[in-house]
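The values are calculated or read from the model by the stated rules, or taken from the named source; none is laboratory data. Just so it is clear, the model here is predicted, and its values are computed rather than measured. Glycine also receives a Cβ, built like all others from the backbone with ideal geometry; neighbour counts cover every protein chain displayed. The protein model used for the area step is the full one, side chains on, heavy atoms only, and it has no ligands, DNA or RNA in it. Shrake-Rupley method; radii C 1.70, N 1.55, O 1.52, S 1.80 Å.
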Amino acid sequence: EADTYTVDKQSLAITAELAPKREQLVLDAENGGGLKHVALRENLRTASTLTDDEVRQVARLGLAAEKFFRRPQDVEFCFDAAGTLFLLQSRPVTNVAEYGPAAGNRLVWDNSNIIESYSGVTSPMTFSFIRQAYTIVYHCFCDVMGIPPRVVRESRPVFENMLGLFRGRVYYNLQNWYRLIRLFPGFAYNAKFMETMMGLKEPLVLDDPLPPVGFWRKWFVELPALVKLIARSVWNFARIRGTVDRFQNHFRRHYEKWDRLNMDALPPHELAALYREMEKALLWNWKAPIINDFYVMIYFGVLKKLCASWCGDTTGALQNDLICGEGGVESAEPARMLLRLAQMAQGEPALRDRILHDRLEDLPATIAADPRSAAFQAQFEKYLDLYGFRCMNELKLEEYSLRDRPHHVYQVLRNYLALNDPAALDVAAMKVREQNVRRGAEERAFSGLAKRRTWYPRGLIFRRVLRNARLGVKNRENMRFARTRIYGLLRQLLRAMGRQFAAEGILADAEDIFYLTLDEVFDYIKGTAVTTHLRELAALRRAEFDEYRRDDLPAPDERFETFGPAYHKNLFRDPRPAPKNTDGKLRGIGCSPGVVEGVVKVLKSPAEAQLSREILVAERTDPGWVPLYPAVSGILIERGSLLSHSAVVAREMGIPTIVGITGLLATVQSGQRVRMDGQAGTVDVL
């Protein structure tokens, strides 16, 4: 048996596993210099063979060998009597499946929050669009915050590489997000707020830290820049209401014009021009949502700190309860409108019976043709007009919207009616629950403040921070709604393009348009394509992405590192051990308070839903899941953050909710009974 030392390559932290020792080999001078076994003294039997300093010397030597040969190495070494380390032999390790740090180009990937918008396999078309959109939008952000154009130009690789795609899954290039925030003075504080917004479970330390700041730079460069940034932020924040209103009016004016277009009547070159018009009018003017995101990042982060330090909140949930019941959150309105539709159907026995028992796919046509349901049909059509662009994975362009699949709306209405509980369809009662949660949180917060000697000035500050956090979260949800509408228009544009390409034989199927990228499609139209075989290219991509969807091909981990070429010899696995559960409880982030005990229902898609007051369990949710919420008693989500859509809307509806529950789907199955505490963020499997 031998002593084993495991050394972390980044920090050189040592974990030692020492073997019990009974004897050692020594030179036998009396018998011609041979070796003999000698029993060890008691105090040496559990001693470490190497000191920590010697272990780190060997580790550095191994890293140097790796770096020199650019491959993992099998190293033999020794120390002489004077304590000098010698390298005896170094040869490549041939049976490893990944490069490791020796290959350089370390990249860290994380999908903590973005999986809410882009779960599972995402098409090449969607990825090409969002990668371009992120580049444009964060250029706007830097412009708004006064970052010099020279600095932005020098950081071009950061803006163009904020996202990655692995086995069809979208990931943040985490280092570049930190480098983006590092462009702003006060990086140490901004980074923590960014981590909260992104739902990161563990912060990242960059491999290229900023050099130490000298006296002159600290006081005559960094400080003035920070003061300037703060002044600009205060100016932007002071005008946030007007900025958001102007954005919404600008957006509404363009959206209504584009929504009236018959895109199937436009030829491909006009569709391409329409996309460029959308990009110029909206993406390059996406400053209001970016300012508001920064506003939320600051005020929600400060509110969280004040709740802990001033109000005595030990659960970390008080700030969530305080945000509840703000009202005016447009993303919660679709569920409320569906509840009103269900109330209408509840009052018409024949219509109710038809929704509960007829074939779902037939309902849109049969109810529209029935003159007895004219009033209901008018409201149904209004819902599709206002919210028909919504769907599960609504930010994935390849998905079908409710306008394309209206029978999905009837699935939700069937859930509501199957509850056979008129109180569950009462929108007014829902608002009362929201206000009760909000009122209770305010009482806890201000009673905690009242115990402080300096409660009066602190109370004024706290109220202002709270008011701004509430405003920012509401604006954020409403402008996300605008983003969803743009995706709906772009989805229509691309499907019109796909139908025309398929009719001309350029593609085998209209849906193959989503296996190309924006540039590939537009270059084909402009005459700048590097290949004209789009039909074959789309078929090749479809086959590749079908492989990624296979159940027996595991998805990459939530967080992992790559070295060398990102797609070559990397396993996309997190080498860190999973956190151990010592008391049998599942833990996550408590988002909306309330203790619920009940049966769980695990869903992969809202289309599968047959819910009747169960506790909803899912890997992640997006706005397409919101109509299910009134039919559940609680919500448990494996992925997500405090500001994820599922958390915000569940708070508005007063539904106990926990997100970010590690190991949830591996632990809980449909039919099991659990007790959840939406404030403490704990789940007991009963």
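A few notes on this one:
- For the range 621-662, the residues whose amide N sits under 14 Å from a probe point set 7 Å from the Cα of LYS431 along the beta carbon direction are 653.
- In this Cβ point-charge picture (+1 for Lys and Arg, -1 for Asp and Glu), the range 222-286 has a dipole of about 400 debye about its Cα centre.
- At R0 = 56 Å, FRET efficiency that the Cβ-Cβ distance of ASP362 and ARG675 yields, to 0.05: 0.85
- Applying 0.36 nm per residue to the separation of THR532 and ARG239 and subtracting their alpha-carbon distance, the gain on full extension is 100.5 nm.
- When peptides 300-309, 360-369 are ranked by their average number of other Cβ atoms within 10 Å per residue, the highest-first order is 300-309, 360-369.
- Packing order of peptides 276-288, 109-121, highest average first: 109-121, 276-288 (average count of other Cβ atoms within 10 Å over each peptide's residues).
- Modelled FRET efficiency - R0 35 Å, SER48 with ASP684, Cβ distances, 0.05 increments: 0.25
- Ordering of 5-16, 660-671, 405-416 by packing is 405-416, 660-671, 5-16, highest average first (other Cβ atoms within 10 Å, averaged per residue).
- Per residue solvent-accessible surface (Å²) - the chain, probe of 1.4 Å: 48 Å²
- Two-site FRET efficiency, ARG464 against ASP259, from Cβ-Cβ distance with R₀ of 35 Å, rounded to 0.05: 0.35
- Between ASP404 and ASN420, the modelled labels are 3.7 nm apart [label points 7 Å from Cα along Cα→Cβ].
- Close amide H contacts of GLU394 (hydrogens built in the peptide plane, cut-off under 5 Å, sequence separation of 5 or more or a different chain): GLY624.
- Think of the range 351-467 as having a plus end and a minus end, set by charges on the Cβ of Lys, Arg, Asp and Glu; of ALA374, ASN415, ALA445, ALA445 sits farthest toward the positive end of this dipole.
- Taking the range 418-436 and a reference point 7 angstrom along Cα→Cβ of ARG613, the backbone N atoms nearer than 15 Å belong to 418-426.
- Label corresponding to semi-axes √(5λ) of the Cα gyration tensor in Å when calculated from the structure given, among (i) 40, 34, 28; (ii) 50, 32, 29; (iii) 40, 31, 26: (ii)
- Measuring nothing but protein heavy atoms, the accessible surface of the chain at 1.4 Å probe radius is 54 percent carbon and sulfur.
- Amide H contacts for GLN73 (H built 1.01 Å from N in the peptide plane; partners 5 or more residues away or on another chain; cut-off under 5 Å): VAL93.
- Applying the Karplus relation 6.51 cos²θ - 1.76 cosθ + 1.60 with θ = phi - 60° to the range 520-535 yields 3J(HN,Hα) values of 5, 5, 5, 5, 5, 6, 7, x, 10, 6, 8, 9, 9, 8, 5, 4 Hz, where x marks Gly and Pro.
- Paramagnetic label reach from ASP557 (point 7 Å along Cα→Cβ; backbone nitrogen cut-off under 17 Å): within the range 104-144, residues 106-113.
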